[in-house]
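> Below: one structure in structure tokens.
No value in this document is a laboratory result; all are computed from the given coordinates. No experiment lies behind these values; they were computed from the predicted model shown. Here Cβ is always computed from backbone atoms with ideal geometry, including for glycine, and neighbour counts include all displayed protein chains.
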Amino acid sequence: MFGAIEAGGTKFVCAVGSDPADLTITQLPTTAPQVTTAQAIDFLRVSSRGMLQAVGIGSFGPVDLSPSSPTFGHITSTPKLTWQNFDFVGTVRAALDVPIGFDTDVNAAALGEARWGAAQSISDFVYLTVGTGIGGGVIVNGQLLHGMLHPEMGHIRIPHDMQRDPYQGCCPFHGDCLEGLASGPAIEERWGIPAPELPIDHPAWALEAHYLALGLANWVCTLSPKRIVLGGGVMRKEWLFSLIRTELVRLLNGYVQTTELTTNLDEYVVPAKLGNRAGIVGALALAHQAYQEQQNRSASID
């Protein structure tokens with residue numbers, strides 16, 4: 001029996017179960033950290049009947065993922081001021097006394113897609129979510145990429161043709177980074193219409209495909225992923241994938257010659273199979289990992 005928490009800026013999704021098919025799930029509004037976390041802990045404790053073996057947390061960030069850091073498990077410089085410097089892992093561990101798996105929400109979603117979704121058996125891939133924000137997770141040799149902190153893929157800088165698109169961008173840190181130009185709020189601010197309400201022939205979609213393909217072209221050239229998985233609310237427009245694939249090939253201009261990009265493009269840039277469950281299923285995968293690591297440590301000591 002495992003617990004899972006997908007901590008988002010507006011809501012927490014919490015689940016208890018052993019695999020994606022048997023999860024008991026609830027949603028909680030994200031309010032004050034101590035209040036929301038206490039509600040999540042109560043749900044996990046009651047729904048598991050006290051039988052939890054581990055908990056996985058996929059959280060909005062930035063977060064501290066370095067086990068050697070004194071602030072490991074904390075949410076750090078988030079724009080949500082009341083959550084800054086909150087000891088997320090420490091609070092959950094103190095209450096439940098079980099191993100905790102902790103990562104970003106998008107890294108968790110990438111892990112979920114790797115284990116149960118659109119990237120099963122793929123050793124190296126990129127997962128990108130496009131919605132209220134833009135974030136990404138990277139799997140390299142079957143392992144999540146962390147590095148100095150964790151990837152902030154929504155905040156890469158991309159070319160911005162001000163004549164074609166005079167919109168300044170909505171990112172409070174960078175203005176016209178990828179998130180600032182291509183997230184759901186950016187689409188709505190630019191055109192005055194929420195993305196779900198824009199018709200298929202609206203010029204917004206060609207521009208959106210261009211910006212997302214610019215991001216993908218950068219990752220194709222730097223990370224060389226074997227697959228790119230796109231999720232999030234904006235990507236629920238299935239026909240948008242065709243526009244992105246075509247634009248990606250145009251931008252690469254024949255420089256990268258692989259089977260994935262020439263004959264299997266429909267299987268290279270693909271929708272997230274888990275949909276809006278990717279985050280909570282990924283948090284479950286983090287719990288599985290934390291439990292296994294604890295078992296391995298116990299075995300080595302014995």
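> Ordered by residue, what ³J(HN,Hα) values in Hz, to whole numbers, does the stretch 96-113 give under the Karplus form 6.51 cos²θ - 1.76 cosθ + 1.60, where θ = phi - 60° and Gly and Pro are x?
10, 6, 9, x, 10, x, 9, 6, 6, 5, 6, 5, 4, 4, 4, 5, x, 5
> Still on this model: Would you work out which of L144, S77, L96 lies farthest towards the positive end of the dipole of the chain, given +1 charges on the beta-carbon of Lys and Arg and -1 on that of Asp and Glu, about the Cα centre?
Looking along the dipole axis, the top candidate is L96.
> Per the Cauchy relation, a quarter of the hull surface: what is the mean projected area of the convex hull of the alpha carbons in the stretch 118-272, in nm²?
Averaged projected hull area, Cα only: 9.1 nm².
> To the nearest 500 deg cm²/dmol, what mean residue ellipticity at 222 nm is calculated for the chain from DSSP H runs of n ≥ 4 alone, each contributing -39,500 (n - 2.57), summed and divided by the residues? Don't skip to the end; give the middle numbers.
Working: 9 runs with 111 residues, N = 302.
About -11500 deg cm²/dmol.
> Count the lysine pairs in the chain whose Cα atoms lie under 27 Å apart, taking only pairs 8 or more positions apart in sequence or on different chains.
Going through the chain pair by pair, I get 6.
> Relative to the Cα centre, what is the charge dipole magnitude of the chain, using +1 at the beta carbon of each Lys and Arg, -1 at the beta carbon of each Asp and Glu, and rounding to the nearest 20 debye?
Its charge dipole is roughly 240 debye.
> Here's a follow-up. Remind me, relative contact order of the chain in percent, using alpha carbon pairs under 8 angstrom and six or more residues apart?
It rounds to 22 percent for the chain.
> A further question follows. Distance between Cα centroids, the stretch 176-203 to the stretch 1-74: provide it in whole Å.
31 Å
> Sticking with this one: Once you have the Cα-Cα distance between S18 and Q39, take 0.36 nm times their residue separation minus that, and quote the gain in nm to one decimal.
5.5 nm
> Determine one quarter of the surface area of the Cα convex hull of the stretch 2-104, which equals its mean projected area, and express it in nm² to one decimal.
Its average projected convex-hull area is 5.9 nm².
> Another question about this same structure. Would you please put 159-167, 41-49 in order of how densely packed they are, using the mean number of other Cβ atoms within 10 angstrom per residue and starting with the highest?
So the peptides 159-167, 41-49, ranked by packing, come out 41-49, 159-167.
> What's the extension gain from F173 to E267 if we count 0.36 nm per residue and subtract their Cα-Cα distance?
Contour length minus Cα-Cα distance gives 30.4 nm.
> 5 Å is the cut-off here: which amide hydrogens, built 1.01 Å from N in the peptide plane, fall below it relative to G232, excluding neighbours closer than 5 in sequence?
Amide H neighbours of G232: V130.
> Go through 56-69, 277-290, 184-197, 249-262 and give me the packing order, highest mean Cβ count within 10 Å leading.
By packing density, highest mean first, the sequence is 277-290, 56-69, 184-197, 249-262.
> Taking 0.36 nm per intervening residue step and subtracting the Cα-Cα distance, what contour gain separates S66 from N296 on full extension?
Here the segment from S66 to N296 would lengthen by 80.8 nm.
> Also, I was wondering about something else. Please list 119-132, 207-220 highest first by mean number of surrounding beta-carbon atoms within 10 Å per residue.
Numbers: 119-132: 20.5, 207-220: 22.3.
The packing order, highest mean first, is 207-220, 119-132.
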